[in-house]
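Visitor: Take this structure, written in structure tokens, and hold onto it; I'll ask about it next.
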Ligand code: NAD
């Protein structure tokens, strides 16, 4: 029974209502205060705005059907330094390309020596849709990533912002939940254009955020360099700009970022997996795992797990899938993906010391652990029926569909849910924010020591809720949170989040 406002129309099913199913379930189970439920069911604020950027002239590959008309077009020689290659195969054209150039153009088409035929697309301003959803701030300032991706929408940011509200509560850091970004494929922009877009995004966002109000961080398509630009744009011209460093987290360590932040999400996931084994009187050494996504989360989790003695058997990413039954050397794979200038798309595809298999075959690999660390919605019902693992440890946000969840439960496959599995990132973001406030810089050992303690104790509370075993030990206390019956781990995590948030409304009351 849900306590939504009565309406004759059933609520429209969206990715948001689907993602909120677990919220509704946990809210029912604990009899969440009706008004708190309404506060959490929809975000506090949904900001949609637009940013404009001047795009430079670019050369885009000519379509195959048009190629025959330009067979006789001679090669043009342009200064290579003046052509910036983009990941979508185009080149951004800079004026210096014309120094000592030899250009033959017909209908705006040129043939670049050794590269083929390209159409000149003149520079023009372009408008991009931008978002910031501020879901809830009962426990502290809104907190959540900035995504630059072509497939974003208001509904998606609502899902991700709400997930941040649950995650910050589970990690027990004094933040609420937010998320935002721009609908753009960053692969189609030059570095200068991406910088302009980032600065303009912050120009528009500035009135809505601040170090004690809403604190963005990196997410898909953004990184520490982008955070540096956001920081500068926010603090430019401010009299006390150094006190504002905590307005974004995930910065480079040289400008106020925290040691351990880049690896933190993978590190937190590895601590959860270690705790899962410890609960069974065992350790990850000797186990094996399969991975989807070899970006920040996936590659770091893989490196740390390999350091714990676990063997990587297969990896799938946007470019392809690789498999080696004898194990893949993670350090060597990282070098292949990240230290290899010809691997422009940073993919595991083509890695020579493994077989190339299809994505479909990934799910058939026999291993102890599956780590989804790429996109949402990948572990569907049919995928959950196929996989041959004991544990799914979620690094990505929302990788398992509700149907996937039901199948995993039916098959007895255990789950480390995303809201604790990938909470390491936001936990170390909190450490970064404190360090910025105090003008301190902690060592990586100190950061990881705090992270391990925080992740493992919150993980233990969720496990106790799930098994209904209230306990107070030297490291954790689950007595306040158990609900008198057993629940699955995902529901248990949500119960913890809701009880921690509800306490703020109960003890502080509602502002009028
Ligand atoms: P990333 O951009 O560094 O890496 C993404 C990886 O996913 C890449 O290897 C890419 O090739 C792969 N990928 C993309 N599309 C794919 C597809 N269709 N099929 C298979 N693989 C595909 O991103 P990241 O920071 O590692 O984030 C990964 C996931 O973890 C996201 O869901 C993100 O929201 C979540 N997450 C990240 C952090 C963090 O601190 N980075 C924190 C919490 C959650």
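Visitor: For the range 356-400, give me each residue that is in a strand (DSSP E or B) and within 19 Å of the chain's Cα centre (by Cα).
Guide: Here is the first cut: in the range 356-400, the ones in a strand (DSSP E or B) are 356-357, 366, 369-372, 379, 388, 391-393, 400.
Listed by number, the residues that qualify are 370, 371, 372, 379, 392, 393, 400.
Visitor: Taking into account only those residues within the range 330-349 that are surrounded by fewer than 15 Cβ atoms within 10 Å (Cβ to Cβ) and part of a loop (DSSP other than H, G, I, E, B), which is nearest to the ligand (Cβ to nearest atom)?
Guide: First, the residues of the range 330-349 that are surrounded by fewer than 15 Cβ atoms within 10 Å (Cβ to Cβ): 331-332, 335, 338-342, 344-345.
With part of a loop (DSSP other than H, G, I, E, B) added as a condition, the list becomes 339-342, 344-345.
On the way: 339: 15, 340: 15, 341: 18, 342: 17, 344: 12, 345: 8 Å.
Step by step, filter the range 330-349, then rank; the result is 345.
Visitor: Same structure again: Residue 354 fails exactly one of the following numbered conditions: (1) closer than 20 Å to residue 395 by Cβ; (2) more than 15 Å from the ligand (Cβ to nearest atom); (3) crowded, with 17+ Cβ neighbours inside 10 Å. What is the number of that condition?
Guide: If we test residue 354 against (1) closer than 20 Å to residue 395 by Cβ; (2) more than 15 Å from the ligand (Cβ to nearest atom); (3) crowded, with 17+ Cβ neighbours inside 10 Å, just (1) comes out false.
Visitor: Moving on to the next point. Identify, from the list 432, 440, the residue that is in contact (Cβ under 8 Å) with a residue 12 or more places away in the chain and either out of contact with any strand residue (DSSP E or B) (no Cβ under 8 Å at 6 or more places or on another chain) or assigned to a helix (DSSP H, G or I) (or both). Walk me through it before giving the result.
Guide: Values: 440 fails: in contact (Cβ under 8 Å) with a residue 12 or more places away in the chain.
Going through 432, 440 in turn, the sole match is 432.
Visitor: Would you please name the residue that is nearest to residue 404 (Cα to Cα), looking only at residues in the range 364-375 that are within 12 Å of the ligand (Cβ to nearest atom) and buried (at least 20 other Cβ atoms within 10 Å of the Cβ)?
Guide: Taking the range 364-375 as the starting set, the residues that turn out to be within 12 Å of the ligand (Cβ to nearest atom) are 371-375.
With buried (at least 20 other Cβ atoms within 10 Å of the Cβ) added as a condition, the list becomes 371-374.
Working: 371: 14, 372: 13, 373: 16, 374: 16 Å.
If we take residues in the range 364-375 being within 12 Å of the ligand (Cβ to nearest atom) and buried (at least 20 other Cβ atoms within 10 Å of the Cβ), then 372 is nearest to residue 404 (Cα to Cα).
Conditions (1) at pLDDT below 95; (2) in contact with a strand residue (DSSP E or B) (Cβ under 8 Å, 6 or more places away or on another chain); (3) surrounded by 14 or more Cβ atoms within 10 Å (Cβ to Cβ); (4) within 30 Å of residue 109 (Cα to Cα), marked per residue:
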site	(1), (2), (3), (4)
1	yes, no, no, no
5	yes, no, no, no
8	yes, no, no, no
22	yes, no, yes, no
26	no, no, yes, no
38	no, no, no, no
41	no, no, yes, no
55	no, yes, yes, yes
63	yes, no, no, yes
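Visitor: Report yes if some residue within the range 148-159 is closer than 21 Å to residue 244 by Cβ, crowded, with 19+ Cβ neighbours inside 10 Å and touching a helix residue (DSSP H, G or I) at 6+ places or on another chain (Cβ under 8 Å); otherwise report no. So that I can check it myself, show each step before the final result.
Guide: Quick first cut of the range 148-159, residues closer than 21 Å to residue 244 by Cβ only: none.
Checked against the condition, which is being closer than 21 Å to residue 244 by Cβ, crowded, with 19+ Cβ neighbours inside 10 Å and touching a helix residue (DSSP H, G or I) at 6+ places or on another chain (Cβ under 8 Å), the range 148-159 yields no hits at all.
Visitor: Answer yes or no as to whether residue 291 is within 16 Å of residue 392 (Cα to Cα), within 16 Å of the ligand (Cβ to nearest atom) and touching a residue at least 12 places away in the same chain (Cβ under 8 Å).
Guide: Details: within 16 Å of residue 392 (Cα to Cα): yes; within 16 Å of the ligand (Cβ to nearest atom): yes; touching a residue at least 12 places away in the same chain (Cβ under 8 Å): yes.
Against the criterion (within 16 Å of residue 392 (Cα to Cα), within 16 Å of the ligand (Cβ to nearest atom) and touching a residue at least 12 places away in the same chain (Cβ under 8 Å)), residue 291 qualifies.
Visitor: Can I ask one more? Being out of contact with any strand residue (DSSP E or B) (no Cβ under 6 Å at 6 or more places or on another chain), modelled with pLDDT of 95 or more and over 20 Å from residue 48 (Cβ atoms) is the filter here, so list the residues in the range 211-223 that pass it.
Guide: 211, 212, listed by residue number.
Visitor: If we only count strands (runs of 3 or more DSSP E) wholly inside the range 85-201, which ones have 2 or more residues that are touching a residue at least 60 places away in the same chain (Cβ under 8 Å)? First the steps, then the outcome.
Guide: On the way: elements: 91-93, 109-112, 116-121, 124-136, 142-149, 177-183.
Hits in the range 85-201: 116-121, 124-136, 142-149, 177-183.
Visitor: Kindly indicate the residue of the range 206-224 that is part of a loop (DSSP other than H, G, I, E, B) and away from the ligand (no atom under 16 Å from the Cβ) and also surrounded by the most Cβ atoms within 10 Å (Cβ to Cβ) among those meeting that condition.
Guide: Initially, the range 206-224 is screened for residues part of a loop (DSSP other than H, G, I, E, B), giving 209, 211-213, 219-223.
Subsequent filtering for residues that are away from the ligand (no atom under 16 Å from the Cβ) retains 209, 211-213.
Numbers: 209: 23, 211: 19, 212: 13, 213: 13.
Residue satisfying both the conditions and the ranking: 209.
Visitor: Could you give every pair whose Cβ atoms fall below 6 Å, whose first residue belongs to the range 373-384 and is touching a residue at least 24 places away in the same chain (Cβ under 8 Å), and whose second residue is near the ligand (Cβ under 7 Å from one of its atoms) and part of a helix (DSSP H, G or I), counting only separations of at least 6 or pairs across chains?
Guide: Cβ pairs passing all conditions: 373/297; 373/298.
Visitor: What number of residues within the range 161-185 satisfy the criterion of being surrounded by fewer than 22 Cβ atoms within 10 Å (Cβ to Cβ) and farther than 15 Å from residue 142 by Cβ?
Guide: Selection size over the range 161-185: 3.
Visitor: Considering only residues that are crowded, with 24+ Cβ neighbours inside 10 Å and part of a loop (DSSP other than H, G, I, E, B), which ones fall in the range 261-307?
Guide: Listed by number, the residues that qualify are 261, 263, 293, 294.
Visitor: I need a count of the residues in the range 385-414 that are touching a residue at least 60 places away in the same chain (Cβ under 8 Å) and away from the ligand (no atom under 16 Å from the Cβ).
Guide: Count: 6.
Visitor: Among the residues in the range 484-491, are any within 17 Å of residue 301 (Cβ to Cβ), within 23 Å of the chain's Cα centre (by Cα) and outside any loop (DSSP other than H, G, I, E, B)?
Guide: Filtering the range 484-491 for residues within 17 Å of residue 301 (Cβ to Cβ) gives none.
No; the residues of the range 484-491 include none that is within 17 Å of residue 301 (Cβ to Cβ), within 23 Å of the chain's Cα centre (by Cα) and outside any loop (DSSP other than H, G, I, E, B).
Visitor: State yes or no: is residue 462 in contact with a helix residue (DSSP H, G or I) (Cβ under 6 Å, 6 or more places away or on another chain), within 16 Å of the ligand (Cβ to nearest atom) and either under 22 Å from residue 280 (Cα atoms) or free of Cβ contacts under 8 Å to residues at least 60 places away in the same chain (or both)? Full working, then the answer.
Guide: On the way: in contact with a helix residue (DSSP H, G or I) (Cβ under 6 Å, 6 or more places away or on another chain): yes; within 16 Å of the ligand (Cβ to nearest atom): no; either under 22 Å from residue 280 (Cα atoms) or free of Cβ contacts under 8 Å to residues at least 60 places away in the same chain (or both): yes.
Answer is no for this residue.
Visitor: Only one of these conditions is not met by residue 403: (1) in a helix (DSSP H, G or I); (2) over 17 Å from residue 16 (Cα atoms). Which number is it?
Guide: The number of the failed condition is (2).
The values are calculated or read from the model by the stated rules, or taken from the named source; none is laboratory data. Here the structure is a predicted model, which is why all the values come from computation and not from measurement. Cβ coordinates were reconstructed from backbone atoms using ideal geometry, including for glycine residues, and neighbour counts include every protein chain displayed.
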